[in-house]
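*Asks:* Attaching a single structure in structure tokens format; questions to follow.
The values are calculated or read from the model by the stated rules, or taken from the named source; none is laboratory data. Because the structure is predicted, anything quoted here is derived from the model rather than measured. Note that we place each Cβ from the backbone using ideal geometry, even for glycine, and neighbour counts take in every protein chain shown. With ligands, DNA and RNA removed, areas are computed over all heavy atoms of the protein, side chains included. Shrake-Rupley method; radii C 1.70, N 1.55, O 1.52, S 1.80 Å.
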Amino acid sequence: MNRSSSLAQVASGSVLVALTLAPGVAAAQASPLSRAVVVGGWSFRPEIEVRTRAEVRTDPVDTGGDVYGSSAVLAEGFGTTLPPIAETRAETDSQWIVGERARIGLTVDRGPLTGVFTLQDARLWGSTETIFLGAGQSELPSTAPWEAYLDVHTRSGRRAFFRMGRQRVVWGDGRLLGESDWAFTPRSLDALRFGVQLGDIDLEAMASLLSAPGATPPSVAGTRKPITEGTGAQLYGLDAVWHVAPLLQLEVTGLARVVREPRPSWLTPGDTFVVDARVFGEHRGFSYAAEGAYEFGRVATYGDDRPLSAFALAARAGLETALPWHLTFGARGAYASGDDGELEPGETQTRFDPILPDERRNIGLMGLYGWSNLIEGSGTVEVRPVEELSVRAGYTFAALAQSSGRWVTARLLPVGAVAENGSRVLGHEVDAIVSLTPWEPLRLEAGYGLFLFGEGGKAILTAANRPADMQHFGYLQATLRAP
């Protein structure tokens, strides 16, 4: 959820879509909650959604060629800052998939209590193989609760809440903690959250378990033998938002990720701390946000702990003009520190790890780079001839902050690195998205992107045994929600 909204929205217990299956009943009841069925002191808000997307891309940067043993941003191999290579596969020239995500859920309110349960099924049509995993995302096919939590909140104004269970968490622009709704399996966390609103200030604390502790009996762990003993991995967070004025809102976020064995492949042992400050606002068609983050801690390497010191910056702005067709301009830029590709024992790691970012929000349509070892500049233009139709086109320049450092995708999957890389330029992206809502339950979307790889990007792809000069990407998506 966007932190620019009030804490009341955070605590409301609403899921992504709260659509009644019996609008006539809801209208007959004088319910304080819109689109809800009221029975006695209980309020029920069902939801149902099905989304299908077909994708095609040429020369994928994260499929085929060298396959790495870990997708952790801070993982290292012996003598290199790249993770160890597990195997080398044949080059992939083209790739296409058709996948679906279906959700059915219910939000129940009674006095100060709100319960949410949303069952999600995600799968690829015609395949049961596991592919395309990002940090913290489930395998495919996957049928499991996406949200399942109980929320206790104050009756008057919902000025405080305590939430326990599986839930989506989005702070700020989602650069450090996001949902990744684009994915077939968007991210949700098993967490405890507490929030309180004090005047114009929203405060929130969170504790989440990323991987369970080890030394668990086989009957509980679901394995044939006890898993590695250890405390697992946890993510702790504090967030404060001060709503000074519509055009001046301040946010400070602190995150602490503690990783021990046992752990998933997208994490590496260590202690990572991030402090992020963000200023943002929106008024009369103009919106903006700017933030900076500093990261520190330690990372486990071969026989030693490596110090961590990295930083990142990002900004965006948008202006909807009074010109015909709601002509809107947008711009964004980002920087994230990288590494030099080869580190001596005890040398400081300077590659920025964005923790659990959103893989499409405030990033390129094609998902070819993430907020790590990055220089990015982008501009967009959007028109809406009618309310049901919008067209957006954009250009993006992407480069490495350190030419010899690692290139990662928006899902934080490693593409590769070349220690002697003579160019920072990853490439140039042009893209366009057309969205159409012919009637309220149905939304259609089509997108195309072309990425022309620069000399730096070509060198990395060649070294990773998947050479390419350009990538084409296209998709068609349909989302259907119950009326």
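*Asks:* Scan segment 261-273 and tell me whether some residue there is farther than 18 Å from Asn362 by Cβ, modelled with pLDDT under 95, open to solvent by 30 Å² or more (accessible area, probe 1.4 Å) and of a type in the set (S, T, N, Q).
*Replies:* Within segment 261-273, one or more residues are farther than 18 Å from Asn362 by Cβ, modelled with pLDDT under 95, open to solvent by 30 Å² or more (accessible area, probe 1.4 Å) and of a type in the set (S, T, N, Q).
*Asks:* What number of residues within segment 161-172 satisfy the criterion of being open to solvent by less than 50 Å² (accessible area, probe 1.4 Å), assigned to a strand (DSSP E or B), out of contact with any helix residue (DSSP H, G or I) (no Cβ under 8 Å at 6 or more places or on another chain) and not charged (D, E, K, R)?
*Replies:* Of the residues in segment 161-172, 2 are open to solvent by less than 50 Å² (accessible area, probe 1.4 Å), assigned to a strand (DSSP E or B), out of contact with any helix residue (DSSP H, G or I) (no Cβ under 8 Å at 6 or more places or on another chain) and not charged (D, E, K, R).
*Asks:* Also: Scan Gly64, Gly105 and give me the residue that is under 30 Å from Gly405 (Cβ atoms) and buried (at least 18 other Cβ atoms within 10 Å of the Cβ). Spell out how you get there, then give the answer.
*Replies:* Values: Gly105 fails: under 30 Å from Gly405 (Cβ atoms).
The conditions single out Gly64.
*Asks:* Same structure again: Tell me the residue from Val258, Val299 that is open to solvent by 30 Å² or more (accessible area, probe 1.4 Å) and not small (Gly, Ala, Ser), please.
*Replies:* The conditions single out Val258.
*Asks:* Right, something else. Do you know which residues across segment 228-255 are among the hydrophobic types (A, V, I, L, M, F, W, C), closer than 15 Å to Ile355 by Cβ and either touching a helix residue (DSSP H, G or I) at 6+ places or on another chain (Cβ under 8 Å) or buried (at least 17 other Cβ atoms within 10 Å of the Cβ) (or both)?
*Replies:* Ala233, Leu235, Leu255
*Asks:* Let me ask you something else. Within segment 403-419, is there a residue that is over 18 Å from Val61 (Cβ atoms), surrounded by fewer than 17 Cβ atoms within 10 Å (Cβ to Cβ) and either of a type in the set (Asp, Glu) or in contact with a strand residue (DSSP E or B) (Cβ under 6 Å, 6 or more places away or on another chain) (or both)?
*Replies:* no
*Asks:* Residue check, Leu323 against (1) farther than 26 Å from Ala399 by Cβ; (2) surrounded by fewer than 17 Cβ atoms within 10 Å (Cβ to Cβ); (3) touching a residue at least 12 places away in the same chain (Cβ under 8 Å), all met but one. Which one?
*Replies:* All conditions are met except number (3).
*Asks:* Using the structure shown, decide if Glu344 is free of Cβ contacts under 8 Å to residues at least 24 places away in the same chain and either crowded, with 20+ Cβ neighbours inside 10 Å or out of contact with any Phe, Trp or Tyr (no Cβ under 6 Å at 6 or more places or on another chain) (or both). Spell out the reasoning first.
*Replies:* On the way: free of Cβ contacts under 8 Å to residues at least 24 places away in the same chain: yes; either crowded, with 20+ Cβ neighbours inside 10 Å or out of contact with any Phe, Trp or Tyr (no Cβ under 6 Å at 6 or more places or on another chain) (or both): yes.
Against the criterion (free of Cβ contacts under 8 Å to residues at least 24 places away in the same chain and either crowded, with 20+ Cβ neighbours inside 10 Å or out of contact with any Phe, Trp or Tyr (no Cβ under 6 Å at 6 or more places or on another chain) (or both)), Glu344 qualifies.
*Asks:* Exactly one of these conditions fails for Thr350: (1) over 16 Å from Leu313 (Cα atoms); (2) at pLDDT 95 or above. Give me its number.
*Replies:* All conditions pass for Thr350, except number (1).
*Asks:* Further question: Exactly one condition in (1) touching a Leu at 6+ places or on another chain (Cβ under 9 Å); (2) of a type outside the set (A, V, I, L, M); (3) at positive phi is false for Thr114; which is it?
*Replies:* Answer for Thr114: the failing condition is (3).
*Asks:* Among Arg332, Arg278, Arg306, which is the only one that is farther than 24 Å from Gly379 by Cα and charged (D, E, K, R)?
*Replies:* Within the list Arg332, Arg278, Arg306, the selection yields Arg306.
*Asks:* Considering only segment 202-225, I want to know if a residue exists there that is modelled with pLDDT of 95 or more, of a type outside the set (Asp, Glu) and open to solvent by 40 Å² or more (accessible area, probe 1.4 Å). Step through it out loud before you land on a result.
*Replies:* Applying the first criterion (modelled with pLDDT of 95 or more) to segment 202-225 yields 202-210.
Next, from what is left, pick out any that are of a type outside the set (Asp, Glu): 203, 205-210.
Among the residues that remain, those that are also open to solvent by 40 Å² or more (accessible area, probe 1.4 Å) are: 203, 209.
Yes; the residues of segment 202-225 include at least one that is modelled with pLDDT of 95 or more, of a type outside the set (Asp, Glu) and open to solvent by 40 Å² or more (accessible area, probe 1.4 Å).
*Asks:* Leu426 passes all but one of (1) surrounded by 18 or more Cβ atoms within 10 Å (Cβ to Cβ); (2) farther than 23 Å from Ala293 by Cβ; which number fails?
*Replies:* (2)
*Asks:* Does at least one position in segment 308-318 carry a residue that is more than 22 Å from the chain's Cα centre (by Cα) and closer than 20 Å to Gly254 by Cα?
*Replies:* Yes, that holds for at least one residue.
*Asks:* Looking at (1) open to solvent by 10 Å² or more (accessible area, probe 1.4 Å); (2) out of contact with any Pro (no Cβ under 7 Å at 6 or more places or on another chain); (3) not hydrophobic (A, V, I, L, M, F, W, C), find the lone condition where Glu388 falls short.
*Replies:* Here Glu388 meets the rest and fails (2).
Each row is one residue, and each column tells you yes or no for (1) hydroxyl-bearing (Ser, Thr, Tyr); (2) at pLDDT below 95.
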site: Ala277; (1), (2): no, no
site: Ser287; (1), (2): yes, no
site: Gly297; (1), (2): no, no
site: Leu343; (1), (2): no, yes
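*Asks:* Might you let me know whether segment 388-401 holds any residue that is touching a Leu at 6+ places or on another chain (Cβ under 7 Å), among the hydroxyl-bearing types (Ser, Thr, Tyr) and at negative phi?
*Replies:* No, segment 388-401 contains no residue that is touching a Leu at 6+ places or on another chain (Cβ under 7 Å), among the hydroxyl-bearing types (Ser, Thr, Tyr) and at negative phi.
*Asks:* Can you find even one residue in segment 424-439 that is modelled with pLDDT of 95 or more, closer than 19 Å to Gly65 by Cα and part of a strand (DSSP E or B)?
*Replies:* yes
*Asks:* For segment 413-423, give me each residue that is among the hydrophobic types (A, V, I, L, M, F, W, C) and part of a strand (DSSP E or B).
*Replies:* Val415
*Asks:* Let me ask something else about it. Identify, by number, the condition in (1) in contact with a Gly (Cβ under 6 Å, 6 or more places away or on another chain); (2) touching a residue at least 60 places away in the same chain (Cβ under 8 Å) that Gly449 doesn't meet.
*Replies:* It is condition (1) that Gly449 fails.
*Asks:* OK, next. Regarding segment 332-341, can at least one residue be identified that is of a type in the set (D, E, K, R), open to solvent by less than 70 Å² (accessible area, probe 1.4 Å) and at pLDDT below 95? Talk me through it step by step, then tell me what you get.
*Replies:* Start the filter on segment 332-341 by keeping residues that are of a type in the set (D, E, K, R), which leaves 332, 339-340.
Then keep just the ones that are open to solvent by less than 70 Å² (accessible area, probe 1.4 Å); that gives 332, 339-340.
Next cut, at pLDDT below 95 only: 339-340.
Taking every residue of segment 332-341 in turn, at least one turns out to be of a type in the set (D, E, K, R), open to solvent by less than 70 Å² (accessible area, probe 1.4 Å) and at pLDDT below 95.
*Asks:* Still on this model: If you take just the strands (runs of 3 or more DSSP E) that sit entirely in segment 34-102, which of them hold at least 2 residues that are out of contact with any helix residue (DSSP H, G or I) (no Cβ under 9 Å at 6 or more places or on another chain)? Break it down stepwise before answering.
*Replies:* Working: elements: 37-39, 42-58, 65-68, 85-89.
Answer list for segment 34-102: 42-58, 65-68, 85-89.
*Asks:* Just the residues that are in contact with a Phe, Trp or Tyr (Cβ under 7 Å, 6 or more places away or on another chain) and open to solvent by 30 Å² or more (accessible area, probe 1.4 Å), please, taken from segment 71-83.
*Replies:* Across segment 71-83, the qualifying residue is only Phe78.
*Asks:* Being aliphatic (A, V, I, L, M) and assigned to a strand (DSSP E or B) is the filter here, so list the residues in segment 312-348 that pass it.
*Replies:* Of everything in segment 312-348, those that are aliphatic (A, V, I, L, M) and assigned to a strand (DSSP E or B) turn out to be Ala312, Leu313, Ala314, Ala315, Ala317, Leu319, Ala331, Ala334, Ala336.
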